[in-house]
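Bear in mind these aren't lab numbers, they're just calculated from the coordinates by the rules spelled out. Not measured: the values here are computed from a predicted model. Glycine gets a Cβ as well: all are built from the backbone with ideal geometry, and neighbour counts include every protein chain shown.
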Amino acid sequence: MDFDLSEDQRLLQDSLTKLLADKYKFEDRKRYLKSATGWSQEMWEAYADLGLLGLPFAEEDGGFGAGPVEVMLMAEAMGSAITLEPWLATVVMGGGFIRHGASAAQRAAMVPEIAAGKLKLAFGYTEPQSRHDLHDVATTAKKDGAGWVLEGRKGVVLHGDVADHIIVTARIGGARRDKSGIGVFLVPANAKGVTRRGYPTTDGLRGAEITLDRVNLPAEALLGDVGNGLALVDRVVDETIAALAGEALGAMDALQKLTLDYLKTRKQFGRPIGTFQSLQHRAAEMMVSLEEARSMAMLAAMMAQEPDALERRRQMSAVKVQIGRSGKFIGQGAIQLHGGIAMTMEYLGGHYFKRLTTIDTMFGDADHHLTQLMAMGGLNQAA
C-alpha cells in the first residue's frame, strides 16, 4: 500500500506547518491562553484564509471535498503546536453532523459560514451519569406541534462557551440507556432557555456546562432520522477519533523530539545525560511507542469512512487503545527524563502531556475501548 502523500496533501501539510511555526511558538500560545476567549481569533481567521475550516465539506456545499487523510494531516500539525482554537469542535465534530445529518438547505446555509470562520459549533453529549456511554441520555425531547421542546443538561462541552450552535443528543423515546429513541438536535446558543457556563479545561482548551430549560426548536432542528440518532453520533465520533489520533500523533512526535533535545543538552557529572545507557533505553522505547501510534493513526484515517459501522467501531476502539497507551507512555517518559522542570507551567513538555491525557479520555479511554473491543470479539473477529 502506498503511504506517500500527494502533492496537494504535502502542500496542505507544509502550509499549516509553516503557519504554526511562525505564529504558534510557546510564548504565542501562552499569550493566546490569556486572551478573553482563551484562543486566537487571528489564527482562526488564518485557518479560514488557508481553507482549513472548509476542508472536509463537499465542494457543492461550499467546502473543499477533502477526506480523512487531509483531516489527519491538519490534526497532526495542530497537535504538534497544541493549538487552542475550536477547530476540532467546529470542523470535525460539529461539521460531521452537518455533513452527515443536515438537509441540503442547512448545508448550503451553514458550510460557507463555517469555512469563512464566521460560524462555530460544539457537540454536547456528556451528562452527569453517562461517563463514556454515548447512548446514556437523560436529556429529553418532546414533540410540541411540528417542533420540539428540549430539557436537560450537558457537561464538558468542548468550546461550548463560544459556539453559535450546539448539537446535542436528546431522548425522544425509550429508557435512559436504550440505544434506540435518541435524537440529534441543532440548538442555537442564543435560544431562549439555553444557559451555559464556560471554563478552562486541564489541557488549556475551553469547556462549558449547558442547561436546556424548555428550549423550543422547529422541526428542522432534528438532524438525521427520528429516534435513530445514535447511528449518526457513532459515525461522527468515529471520524473524530481518527482526527484525535492524528492530533495525538503530532503531540507525541513533538514531545519525543523535545525530550531528545533535552537529553543532548542537559549535563550531569560533566557530560550530557543522553550518554547514559538507561536513559537511551527509555528514549528508544518511547520511539517504538511513537511508531506504534503512527501506524494506528494511519489505520484510523483509512477506516474513518468504512461503511460497515461495526467494523469501523472495532478498528476505532483498537486505535483508541494504542493511542491512549502510547500517549501515556511517551508523556510519562518525557516527564521523568526531564526531571522537575517538566512539572512547571513555564515548560512546554507538561502541556503536551496534559493534552495527550485529555485526548485519551475523550469518547472513552484506552481501558474502556479495550473492554469494548473484547466485547466485539477482538480486532480480528471479521477475519
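The calculated FRET efficiency for Ala104 paired with Asn216, based on their beta-carbon distance and R0 = 25 Å, is about 0.55.
For the chain, what is the charge dipole size about the Cα centre, in debye to the nearest 20, if Lys and Arg each add +1 at the Cβ and Asp and Glu each add -1 at the Cβ?
My answer is approximately 1400 debye.
A simple count of charges around Gly67, restricted to other residues whose Cβ falls under 13 Å of its Cβ and scoring Lys, Arg +1 and Asp, Glu -1, yields -4.
If each residue's Cβ is checked for other Cβ atoms within 10 Å, how do Glu239, Glu7, Glu70 rank with the fewest at the top?
Working: Glu239 26, Glu7 7, Glu70 21.
Ordered from fewest to most neighbouring Cβ atoms within 10 Å, Glu239, Glu7, Glu70 come out as Glu7, Glu70, Glu239.
Legend: helices of the chain (whole DSSP H runs) are marked when their alpha-carbon atoms reach 15 angstrom or more along the helix axis and their mean Kyte-Doolittle hydropathy is at least -0.5; marked are 68-81, 104-115, 229-265, 277-303, 309-338, 348-361. Could you tell me the calculated FRET efficiency between Ala116 and Ala138, based on Cβ-Cβ distance and R0 = 56 angstrom, to the nearest 0.05? Using R0 = 56 Å, I get an efficiency of 0.95. Taking Cα centre as origin and charging only the Cβ of basic (Lys, Arg, +1) and acidic (Asp, Glu, -1) residues, the dipole magnitude of the range 230-375 rounds to 680 debye.
Order the peptides 91-97, 155-161 from the highest to the lowest mean number of other Cβ atoms within 10 Å of their residues.
The packing order, highest mean first, is 91-97, 155-161.
The convex hull defined by the C-alpha atoms of the range 230-375 has an orientation-averaged projected area of 9.0 nm².
Just to verify a number: FRET efficiency for Leu310 and Asp261, C-beta to C-beta distance, R0 = 35 Å, to 0.05? About 0.20, to the nearest 0.05. In terms of the Cα gyration tensor, with a ≥ b ≥ c the square roots of its eigenvalues, is the range 123-227 rounded because a/c is under 1.5, prolate because a/b exceeds b/c, or oblate? Judged from the Cα gyration tensor, the range 123-227 comes out oblate (a/c at least 1.5, b/c at or above a/b). Label sites at Arg131 and Lys179, each approximated as a point 7 angstrom past Cα along Cα to Cβ, lie 1.8 nm apart.
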